[in-house]
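Trainee: A single structure is presented below for examination.
The values are calculated or read from the model by the stated rules, or taken from the named source; none is laboratory data. Fair warning: this is a prediction, and the values are worked out from it, not measured in the lab. Cβ placement follows ideal geometry from the backbone for every residue including glycine, while neighbour counts extend to all protein chains displayed.
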Amino acid sequence: MTATLLYHIASVLLVLFAAGHTFGFLKFKAPTPEGLGVRQAMTDVVFPLRGKNYSYSGFYTGFGLFITIDLLFSACLAWRLGTLAATDPSAIGLLGWAFCGVHVAGIVLSWLFFFPVTAGFSGVVAVCLGAAAWLVK
């Protein structure tokens with residue numbers, strides 16, 4: 001398996017991850033009355049800051065969409081690194097390992113705060129990125 005193929009596989013997985021993340025967080029409904037109450041409170045509690053009103057629900061949605069954009073950027077970066085691996089591997093340098101490290105951190109955060117499927121996706125992406133960085137060295 002080549003570094004180019006591994007980076008391109010990671011890119012496709014990151015697009016799927018972005019789609020799953022977006023659908024999941026936008027459609028998530030708490031399974032308990034207490035959870036539904038927290039969600040409603042996030043919407044109902046509004047506070048002014050510098051002349052604008054904000055809610056925790058808005059922060060939740062904004063951060064969720066920010067993560068989607070970050071995952072899509074990561075997919076673009078992985079694809080570009082795959083192209084560079086084939087044409088100019090020396091241009092990748094430490095960036096390949098740093099990119100892998102970001103996704104290893106994602107495994108830990110996913111395991112601690114989210115769901116096993118999220119940690120699994122992060123793990124497969126990190127393995128692809130790590131193997132690709134190893135092959136490029």
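Trainee: So if I check each of L72, L135, L84, which one is closer than 14 Å to F17 by Cβ, modelled with pLDDT of 95 or more and buried (at least 16 other Cβ atoms within 10 Å of the Cβ)?
Mentor: Being closer than 14 Å to F17 by Cβ, modelled with pLDDT of 95 or more and buried (at least 16 other Cβ atoms within 10 Å of the Cβ) holds for just one of L72, L135, L84, which is L72.
Trainee: If you take the residues in the stretch 102-132 that are under 21 Å from I92 (Cβ atoms) and β-branched (V, I, T), which one is surrounded by the most Cβ atoms within 10 Å (Cβ to Cβ)?
Mentor: V125
Matching residues to (1) assigned to a loop (DSSP other than H, G, I, E, B); (2) touching a Cys at 6+ places or on another chain (Cβ under 9 Å):
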| residue | (1), (2) |
| --- | --- |
| Y60 | no, no |
| D70 | no, no |
| C76 | no, no |
| L81 | no, no |
| G93 | yes, no |
| W97 | no, no |
| A119 | no, no |
| A132 | no, yes |
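Trainee: May I pose another question? A41 passes all but one of (1) in a helix (DSSP H, G or I); (2) of a type in the set (A, V, I, L, M); (3) closer than 30 Å to V136 by Cβ; which number fails?
Mentor: All conditions are met except number (3).
Trainee: Then there is this: Step by step: first the residues of the stretch 27-42, then only those that are surrounded by 10 or more Cβ atoms within 10 Å (Cβ to Cβ) and more than 25 Å from the chain's Cα centre (by Cα), then the one that is farthest from L65 (Cα to Cα). Which residue is that?
Mentor: Among those residues, the one meeting the criterion is G37.
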